[in-house]
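J.: First the structure, then my questions, so here it is.
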Amino acid sequence: MNATITASQLASDLAGPTPPVLLDVRWQLGGPDLRSAYEEAHIPGAVFVDLDSELAGPAGAGGRHPLPDPEVFGAAMRAAGVSDDRDVVVYDGGQGWAAARAWWLLGYSGHPSVRVLDGGFAAWAGPVSSEKPEPVPGTFVPAPGGLPSLDADAAAGLARSGLLLDARAGERYRGEVEPIDRVGGHIPGAVSAPTTENVTEDGTFRPAAELAERFAALGAVPGADVGVYCGSGVSGAHQVLALAVAGVPAALYVGSWSEWSRDAGRPVAVGPDPL
């Protein structure tokens, strides 16, 4: 599985005979979209993609960022120039969460070659542009199921029979604070593994060996049955990406806590990690 690319390697690939399709997915939780930041300066040739409207469906019973309608997602990707036979590189402002969501969704939808710019736009030292590109329309048609996913029942089962990682901050996992969702806490049996611990101070991923050591200590090793959830399937995608860098495949519970906590019939656990 393709995972990440450095800024220097991206610069080289963009100068090559078959440059990748470049998607700018800068995004901020709870704030206005960052299209204005894209319009001010972006990596030349990048097309802006809005997470809330193109990488997710309308918020509702399925959570804040449920899977988008395949037709809507496919149309957005084709308009950006995405085709099956051309590499794709995605980047965001540097946190990596939104880019990982695009990476996961494209992989889930069957695209064979997608990478995330490690460190995002903040890591890019090359030229920037304010010109909006006009890409040749692509031919990509989503075929969902290319990466493993979980619904609420499967996530509950995995927390009992395998390993379900909670990618949110520890205080949200423990139920000490809950700034967004109906109730605080975590899925019973889930293990706390904050996404923020996967990266260095500059926002780039820790070396693969360090990530493998971190996840192994939690029980996430090659061959294990591993799943991830977060608040609404965005930072959880970043955790799946980090696990991929470490060589550990994992499934994503897209609805995550925003779906789970909406259902008053679902059990909620609070308190420290059982590990």
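Residue-wise test of (1) at pLDDT 95 or above; (2) outside any loop (DSSP other than H, G, I, E, B); (3) farther than 27 Å from Val114 by Cβ.
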position	(1), (2), (3)
Glu197	yes, yes, no
Asp202	no, no, no
Ala212	yes, yes, no
Gly231	yes, no, no
Gln239	yes, yes, no
Glu259	yes, yes, no
Ala264	no, no, yes
Asp273	no, no, yes
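J.: Give me the residue from the stretch 165-195 that is among the β-branched types (Val, Ile, Thr) and in a loop (DSSP other than H, G, I, E, B) and, out of that set, modelled with the lowest pLDDT.
T.: Going through the qualifying residues, I end up with Ile180.
J.: Of the residues that make up the stretch 99-122, is at least one under 20 Å from the mean Cα position of the chain (by Cα), over 19 Å from Ala15 (Cβ atoms) and charged (D, E, K, R)?
T.: yes
J.: Please find, within the stretch 217-267, the residue that is surrounded by the most Cβ atoms within 10 Å (Cβ to Cβ) out of those that are of a type in the set (Val, Ile, Thr) and touching a Ser or Thr at 6+ places or on another chain (Cβ under 7 Å).
T.: Of everything passing the filter in the stretch 217-267, Val254 is surrounded by the most Cβ atoms within 10 Å (Cβ to Cβ).
J.: Just one of Leu106, Leu67 is outside the structural domain of Thr204 (by TED's automatic domain parsing), touching a Phe, Trp or Tyr at 6+ places or on another chain (Cβ under 9 Å) and within 22 Å of Trp257 (Cβ to Cβ); which is it?
T.: Within the list Leu106, Leu67, the selection yields Leu67.
J.: Go through the stretch 131-161 residue by residue and tally those that are closer than 22 Å to Trp104 by Cβ, among the aliphatic types (A, V, I, L, M) and outside any helix (DSSP H, G or I).
T.: 4
J.: What is the one condition in (1) surrounded by 13 or more Cβ atoms within 10 Å (Cβ to Cβ); (2) assigned to a helix (DSSP H, G or I) that Gly57 does not satisfy?
T.: Status for Gly57: all satisfied but (2).
J.: Can you name the number of the only condition in (1) free of Cβ contacts under 8 Å to residues at least 12 places away in the same chain; (2) buried (at least 22 other Cβ atoms within 10 Å of the Cβ); (3) small (Gly, Ala, Ser) that Ala80 fails?
T.: (1)
J.: Restricting attention to the stretch 1-36, which residues are surrounded by fewer than 21 Cβ atoms within 10 Å (Cβ to Cβ), part of a helix (DSSP H, G or I) and at pLDDT 95 or above?
T.: Ala7, Ser8, Gln9, Ala11, Ser12, Asp13, Leu14
The values are calculated or read from the model by the stated rules, or taken from the named source; none is laboratory data. Quantities reported herein were computed from a predicted structural model and do not represent experimental measurements. Please note: Cβ atoms are built from the backbone with ideal geometry, for glycine as well, and neighbour counts cover all protein chains shown.
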